[in-house]
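Input: a single structure, listed below in structure tokens.
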Amino acid sequence: VSSNYAITTVNGTLSITKASGSVSTAPTNAAATYGSGSNLCSAGSGTGTMQYKLDSGSWSSTIPTATTSVSAGNHTLYYRAAESTNYYQSGEGSITVTVAKKGVTVTWGATSWTYDGSAHSTTCSISSGVISGTSCSVSLSGNTIGKNVGTTTVTASLSNDNYTISS
């Protein structure tokens, strides 16, 4: 540099803006059973911490589980990647997750008799499988057989739709 030129400096600002957030791996249905405490889906992954929301619940980074407060049946599970230092929040996605009914064991009373001229009926009760803090009872329909020789079909029904008769 010759003495005829002055050296000047210029300051400038450089900035990096956040990128769009995205989900790279969507969660999948885990088919949990009512009251089991199992995860309702696999973990997803994305540009930020994954967040989940079951039906109309609140967003959380914890995967929803099959507790007794989540009824058996199909539910909508929403997911997204949360905003992070370098990424904006992603758009929301959703999947259907299934909570299977929990099996209960029932015990039947007498189901056959030798002719004695009397009408008969049986009993049925739940012997195991009901989760503590919940209730379920069994009712019978078609539970009378006349006094003559023959057969009838007795149907057992449960009072709580979160359960099914497994045996």
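The values are calculated or read from the model by the stated rules, or taken from the named source; none is laboratory data. Fair warning: this is a prediction, and the values are worked out from it, not measured in the lab. Glycine gets a Cβ as well: all are built from the backbone with ideal geometry, and neighbour counts include every protein chain shown. Ligands, DNA and RNA are excluded from the accessible area calculation, which covers all protein heavy atoms including side chains. Shrake-Rupley method; radii C 1.70, N 1.55, O 1.52, S 1.80 Å.
General remarks:
- Taken over region 45-97, the criterion of being of a type in the set (D, E, K, R), without any contact (Cβ under 8 Å) to a residue 60 or more places away in the chain and not in a strand (DSSP E or B) is satisfied by Asp55, Glu92.
- Strands (runs of 3 or more DSSP E) contained entirely in region 107-167, each with at least 3 residues that are of a type in the set (Phe, Trp, Tyr) and farther than 26 Å from Gly73 by Cβ: none
- Of all residues in region 153-165, those that are under 16 Å from Val99 (Cβ atoms) and open to solvent by 40 Å² or more (accessible area, probe 1.4 Å) total 2.
- Annotation: of all residues in region 12-34 being hydroxyl-bearing (Ser, Thr, Tyr) and closer than 30 Å to Gly103 by Cα, the one that is surrounded by the fewest Cβ atoms within 10 Å (Cβ to Cβ) is Thr28.
- If you go through region 35-71 and pick out every residue that is open to solvent by less than 30 Å² (accessible area, probe 1.4 Å) and of a type in the set (Ser, Thr, Tyr), you end up with 1.
- Some residue of region 94-115 being surrounded by 15 or more Cβ atoms within 10 Å (Cβ to Cβ), modelled with pLDDT under 95 and out of contact with any Lys or Arg (no Cβ under 9 Å at 6 or more places or on another chain): no
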